[in-house]
Amino acid sequence: MAVPLIVSGVSKSFTMHLRGGVRIPVVDAVHFSIETGQCAVLSGPSGVGKSSILKMLYGNYAVDVGQILIRHNGTLIDLARAEPRQVMAVRRDTIGYVSQFLRAVPRVSALDVAAEPLVQRGADPDTARRRAADLFARLNLPEKLWDLPPATFSGGEQQRVNIARGFITDHPILLLDEPTASLDAANRAVVVAMIGEKKADGVALLGIFHDADLREAVADRIIEVTGFAPQKAA
Ligand SMILES: Nc1ncnc2c1ncn2[C@@H]1O[C@H](COP(=O)(O)OP(=O)(O)OP(=O)(O)O)[C@@H](O)[C@H]1O
């Protein structure tokens with residue numbers, strides 16, 4: 001099967017406008033690809049740019065240099081140069097993303113937050129909510145919370161809503177940014193099983209997992225991120 005995602009020579013700096021436009025280089029000429037049915041894990045010290053790479057792959061951060069080639073509805077597109085409309089289409093059909101923190105929308109229930117990606121793909125809202133409820137039950141999210149907006153939920157409860165939202169669709173690529181950081185051992189084990197099912201379905205996963213045991217449990221391949229070499233003092 002064709003490779004679903006190829007990252008080629010991608011670099012990124014941040015420009016700090018409030019500090020006189022100083023540029024901070026973060027990601028330096030990264031190359032890798034991910035495979036269907038496997039979970040690749042970005043590894044490296046804190047601050048080396050792992051989350052920034054995931055955010056570029058989801059179109060949240062602009063790419064300075066390089067290509068992000070994505071197989072989207074049968075064609076290869078360069079996400080690094082894609083129009084916003086194409087980025088939205090890639091998010092709807094091709095790339096799912098479990099971010100570190102849930103962006104809670106006021107007055108929208110947890111069930112609707114988790115069901116939304118399926119509804120955006122044309123699913124019937126009641127069917128999508130039932131699928132979200134199945135995932136909540138599996139992730140042991142207390143049923144009394146399902147109809148409430150997640151803004152006031154605990155970190156671990158919000159993270160489970162975020163996981164259900166990311167896993168609800170059958171996107172061929174799934175990005176996971178520390179999806180289990182606030183979870184207890186029992187719920188971490190549920191997520192490990194859910195990752196295994198995605199692999200069996202032929203999904204290509206790319207994740208960041210700080211917990212070494214968890215990394216060991218899910219990773220088929222480790223991609224070491226080295227970042228920029230430290231500047232020598234003059
Ligand atoms: N939006 C931003 N504006 C400015 N600097 C940023 C921004 N996002 C990330 N950075 C900086 O880029 C560097 C890499 O951050 P990133 O979160 O990608 O690292 P990481 O390897 O995922 O770290 P950790 O393992 O601690 O989560 C950090 O120095 C961070 O401060």
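The values are calculated or read from the model by the stated rules, or taken from the named source; none is laboratory data. Since the model is a prediction, treat every value here as computed from it, not as a measurement. Cβ atoms come from the backbone with ideal geometry, glycine included; neighbour counts cover every protein chain shown.
Things to note:
- Condition check for Asp124: touching a helix residue (DSSP H, G or I) at 6+ places or on another chain (Cβ under 8 Å) and among the acidic types (Asp, Glu): no
- Residue within region 100-113 that is touching a residue at least 12 places away in the same chain (Cβ under 8 Å), away from the ligand (no atom under 16 Å from the Cβ), part of a strand (DSSP E or B) and small (Gly, Ala, Ser) present: no
- Only one of Leu54, Leu118, Leu69 that is buried (at least 17 other Cβ atoms within 10 Å of the Cβ), over 13 Å from the mean Cα position of the chain (by Cα), within 20 Å of Pro4 (Cα to Cα) and not hydroxyl-bearing (Ser, Thr, Tyr): Leu69
- Scanning region 1-25 for residues that are away from the ligand (no atom under 11 Å from the Cβ) and touching an Asp or Glu at 6+ places or on another chain (Cβ under 6 Å) returns a single hit, Ser11.
- Hits in region 143-188 (condition: modelled with pLDDT of 95 or more and among the small types (Gly, Ala, Ser)): Ala164, Gly166
- Test: residue in region 208-224 that is under 19 Å from Gly96 (Cβ atoms), charged (D, E, K, R), away from the ligand (no atom under 16 Å from the Cβ) and surrounded by fewer than 22 Cβ atoms within 10 Å (Cβ to Cβ): yes
- Residue list for region 26-63, filter: more than 9 Å from the ligand (Cβ to nearest atom), assigned to a strand (DSSP E or B) and farther than 27 Å from Lys199 by Cα: Asp28, Ala29
- Pick from region 175-190, criterion touching a residue at least 60 places away in the same chain (Cβ under 8 Å) and surrounded by 24 or more Cβ atoms within 10 Å (Cβ to Cβ), ranking: nearest to Ala133 (Cα to Cα): Pro179
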